[in-house]
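Step one of this worksheet: look at the structure below.
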Amino acid sequence: MKTFFLEADKWDEHCVLEGQEAKHAIKVLRMRTGDSIRLLDGKGREGTFIISDMTKHTVSIEKQDVIQHPKPEAEHYVAIGWGKSVRRGWIFEKAVEFGAAGIWFWQADRSQSKVPVEVKEGWEGQMLAGAKQCNNPWIPELETFADGAKGVMNRAEEFDNIFMLWEGQSPSDVLSSEQLNLSGKTLFIIGPEGGFSDAEAEYFKGQGVQPVSLGKRILRWETAALLCLGLAWWKGEVNNAAR
């Protein structure tokens, strides 16, 4: 069954797909009246709908069944120091596959350019592609922080667990299985391409952030982010299988 996205406030007994979603259904997939589709809203809702009518630019659908998935007991966020865009699109898709609850970009001392004040529209589109591919009903929250490390900590004030992936930390203090198994909201803070400045590292530690290592090898920011998310996702899958 083909999967499509529709904003949460547009769901009803009878809905209409427009724009790129309608274009994809009509011109790419060549769907027809009577076909069934899966619909996601990015906020945990998943529905089965039947195509009731089609025009050149719209697809009308009727609701058959809707499921509201509960939020995971453990939510994992990554806060990444702003850097080069060449690998940014890739992380959006993969973070969705690993069930990230949020992706943040923050202005670091060693960022090579200025982080956008607002989230770019195209970023969500890249995440939606990943969600439809893996049938993840949850789309990560996107935020940017032009006020740097302080902005990250202000936003994370109510988080349960905060870790800083720091290349300056002893490799013996490696992120552990127990730390990946914590409930509630967990944030992994990752530096930009050049790593944390000394001032940033000291600030985060002074705020109670726990520095951890991913080992002796220095990883690129996107590798570190996805490794944390992937390990957390895998740990969750192991726990679910054991229940």
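The values are calculated or read from the model by the stated rules, or taken from the named source; none is laboratory data. Quantities reported herein were computed from a predicted structural model and do not represent experimental measurements. Here Cβ is always computed from backbone atoms with ideal geometry, including for glycine, and neighbour counts include all displayed protein chains. Note: accessible area is taken over every heavy atom of the protein model, side chains too, but ligands, DNA and RNA are not part of it. Shrake-Rupley method; radii C 1.70, N 1.55, O 1.52, S 1.80 Å.
List of remarks:
- Length released on extending from Gln20 to Lys120, taking residue separation times 0.36 nm less the Cα-Cα span: 34.3 nm
- Under the membrane-span-like helix rule (DSSP H runs whose alpha carbons stretch at least 20 Å along the helix axis, mean Kyte-Doolittle hydropathy -1.0 or higher), the chain yields 121-134, 221-242.
- Computed FRET value (nearest 0.05) for Cys134 with Arg30, which takes r as the C-beta separation and R₀ as 41 Å: 0.95
- Point-to-point label distance, Glu7-Glu73, nm (Cα→Cβ direction, 7 Å offset): 3.5 nm
- Choice from Phe49, Phe98, Phe188 with maximal GNM fluctuation in the chain (Cα, 10 Å cutoff): Phe49
- Principal semi-axes in Å for segment 127-185 [√(5λ), Cα gyration tensor, largest first]: 25, 19, 13
- Sparse packing (at most 13 other Cβ atoms within 10 Å of the Cβ) combined with a DSSP loop state is found for the following trypsin sites (Lys or Arg not before Pro) in segment 3-32: Arg30, Arg32.
- One chain, two ends: His57 and Asp109. Fully extended at 0.36 nm per residue, the span grows by 14.1 nm beyond their Cα-Cα distance.
- Spatial extent of the chain: Rg and Dmax, with the Cα atoms as the point set, Å: 20.0, 62
- For segment 1-99, the Cα gyration tensor yields ellipsoid semi-axes of 29, 18, 10 Å (square root of five times each eigenvalue, largest first, whole Å).
- Mean-square fluctuations from a GNM of the chain, with a 10 angstrom spring cutoff on Cα atoms, peak among Gln68, Gln210, Gln107 at Gln68.
- Here segment 94-230 exposes an accessible surface that is 45 percent carbon and sulfur, computed with a 1.4 Å probe and the other protein chains kept in place.
- Unit Cα scatterers, Debye sum, segment 188-231: log10 I(q)/I(0) for q = 0.20, 0.29 Å⁻¹: -0.69, -1.20
- For a paramagnetic label modelled on Arg38 (point 7 Å from Cα along Cα→Cβ), amide N atoms under 17 Å away belong, within segment 66-87, to 66-70.
- Over 20 Å (Cα to Cα) - which of Lys27/Lys132; Lys114/Lys216; Lys27/Lys120; Lys23/Lys120 fall in this group: Lys114/Lys216; Lys27/Lys120; Lys23/Lys120
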